[in-house]
Amino acid sequence: MAYNFPEGSKFQFSTTFAAVKNVTAISNANPAVATSVAHGYTTSDEFLFTSGWEDATNSVFRANVLTADTFGVLGLNSSNTVYFGTGTGTGTVQKISGWTDVPQVLSISNSGGDARFTTVQPLASRNAIQIPTGFNAASTTLTLAHDPALVAYQTMLDLSRSFTKVAFRVVGAAGTSYGYGYLSVSEVPQKQSGQVDQVTCAISMIGRTISY
């Protein structure tokens, strides 16, 4: 058991994706094992997985290299064939590199990612029941000290205005978490007496958030 604190955490993004490699097979296992001929990966490489499995696609994972043509997809338990249909999880992978720090983060808040339920009221029962039906969309909002001279901030503005999808990671005492989605940055600084000028950076995930 460990208690971890956010102090010292780094928030990073990347648009540096290597060439697409085809995944021609992927197993139902924990972790799933992907087949990609001559993949060239090394253990702990980070990659974006686009898959026929909805519960795995558009997500960032780490590799555990097994052979020149296979690697384990760490963090992906595909043993349940109801949600990970046998033979339907093939797709592509792209190695990620070139991480850039989100500058001058002051605070962080998360929303969504929690379970979504549908309430059912059987006629024969006076007690309604809630059935889990999935998960709500997840997003993270960072408050940044505003400095328009920073190259990273200008890069983030360009990504925001072009609706470019990027990889994200948070590195902290508890480990590293990954996501993939849209980055939206405010250009209008918030000003308040006694506080530094601030802007917001919203990160909206389109895949799962995977932590190691």
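The values are calculated or read from the model by the stated rules, or taken from the named source; none is laboratory data. What you see is a predicted model; the values in this text were computed from it and never measured. Cβ atoms come from the backbone with ideal geometry, glycine included; neighbour counts cover every protein chain shown.
The table below gives the values:
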| quantity | calculated |
| --- | --- |
| Top-ranked residue of the range 1-27 - restricted to ones that are out of contact with any Phe, Trp or Tyr (no Cβ under 6 Å at 6 or more places or on another chain) and polar (S, T, N, Q), ranked as surrounded by the most Cβ atoms within 10 Å (Cβ to Cβ) | Ser27 |
| Residues located in the range 51-75, provided they are assigned to a loop (DSSP other than H, G, I, E, B), surrounded by 19 or more Cβ atoms within 10 Å (Cβ to Cβ) and free of Cβ contacts under 8 Å to residues at least 60 places away in the same chain | Trp53 |
| Any pair with Cβ under 7 angstrom, 6 or more apart, that starts in the range 119-134 at a residue that is assigned to a loop (DSSP other than H, G, I, E, B) and ends at one that is of a type in the set (A, V, I, L, M, F, W, C) | Gln121/Ala128; Ala128/Val120 |
| Residue list for the range 166-210, filter: in a strand (DSSP E or B) and touching a Gly at 6+ places or on another chain (Cβ under 6 Å) | Phe168, Tyr180, Ser204, Met205, Ile210 |
| Some residue of the range 86-101 being over 25 Å from Arg208 (Cα atoms), touching a helix residue (DSSP H, G or I) at 6+ places or on another chain (Cβ under 9 Å) and either surrounded by 13 or more Cβ atoms within 10 Å (Cβ to Cβ) or in the same structural domain as Ala34 (by TED's automatic domain parsing) (or both) | no |
